[in-house]
Amino acid sequence: MKFIKKTTLVFLLIFCTFLMYRYFRNSYHISRNGIQKYEHAEIYIQAGHEGRTKGSTGTSSSYGNEIDWTPIVADEATKILREAGITVIRSKADRRKYCVVDLALSIHFDGCEKQCATGASIGYDDPTDKPAADEWKAFYSTYYKHKWHDDNFTKNLRYYYNYKYTITRDAELVLELGDLTCPTQAKWMKKNLKNLGHIVAYFAAKRIGKEHLIPKPYTI
Ligand SMILES: [Zn+2]
């Protein structure tokens, strides 16, 4: 009997230590009153697929791999925004932490078995994101002169897994910047990856009223 009591106590202790570890390790905590811990910044930028070795690792073509391109765009956008004094959370594909931000952008490139059947598109989970989505489409169209799809045209865009980690004041958008399996789009994007980062940074700054801090991207 004494032994059983002791074992129970030890197990209880281990269990409590585990719970405490989980609580302090995570930078967020959800209780009945909502999210208790989270990270905060003005802009959140996620490089699609970055860091993954299995599962959804993105699309590829002879021009390049999505998983290699998204960090180039995300890093450049982050660098430009931070140099302007704008706070950024720069996220890889899997970062299961809640973030409270003004604007969250996930960078992707699309691909298709049927060459050039696809193009740029935007995904979001809420009608309140639409004004930002419309502005992105209009702004990016001044640089990107190729095909567009309707908003949320794939399930991946409609039900993007990361929406639940970003709590935004303005919008949370998945930006498919173009089709990297389509030669005309892929060639243009490949030589402009850093410029795409600049375009993303300028757009993000504009949404929070700070575009005057960033030089306007040049026409490419
Ligand atoms: Zn993708």
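The values are calculated or read from the model by the stated rules, or taken from the named source; none is laboratory data. Please read all numbers here as calculations on a predicted model, not as lab measurements. Ideal geometry is used to build each Cβ from the backbone, glycine not excepted, and the neighbour counts take in all protein chains shown.
Results, tabulated for the structure shown:
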| item | result |
| --- | --- |
| Answer from Arg90, Arg96 - the residue that is crowded, with 17+ Cβ neighbours inside 10 Å, more than 12 Å from the ligand (Cβ to nearest atom) and either under 18 Å from the mean Cα position of the chain (by Cα) or of a type outside the set (Val, Ile, Thr) (or both) | Arg90 |
| Subset tally (residues that are assigned to a helix (DSSP H, G or I) and of a type in the set (Phe, Trp, Tyr)) for segment 140-162 | 2 |
| Filter result for Ala138 (among the hydrophobic types (A, V, I, L, M, F, W, C) and either touching a residue at least 40 places away in the same chain (Cβ under 8 Å) or surrounded by 21 or more Cβ atoms within 10 Å (Cβ to Cβ) (or both)) | no |
| Matching residues, segment 1-50, being closer than 19 Å to Asp102 by Cβ, assigned to a loop (DSSP other than H, G, I, E, B) and at pLDDT 80 or above | Tyr38, Ala41, Glu42 |
| Residue check, Asp110 within 19 Å of Thr154 (Cβ to Cβ) and within 16 Å of the ligand (Cβ to nearest atom) | yes |
| Of residues in segment 48-67 being more than 11 Å from the ligand (Cβ to nearest atom) and within 25 Å of Glu172 (Cβ to Cβ), the one surrounded by the most Cβ atoms within 10 Å (Cβ to Cβ) | Gly51 |
| Criterion: in a helix (DSSP H, G or I), in the same structural domain as Gly55 (by TED's automatic domain parsing) and β-branched (Val, Ile, Thr) - qualifying residue of Ile122, Ile199 | Ile199 |
| Filter pass, Ala74 being at pLDDT 95 or above, in contact with a helix residue (DSSP H, G or I) (Cβ under 8 Å, 6 or more places away or on another chain), within 16 Å of the ligand (Cβ to nearest atom) and aliphatic (A, V, I, L, M) | yes |
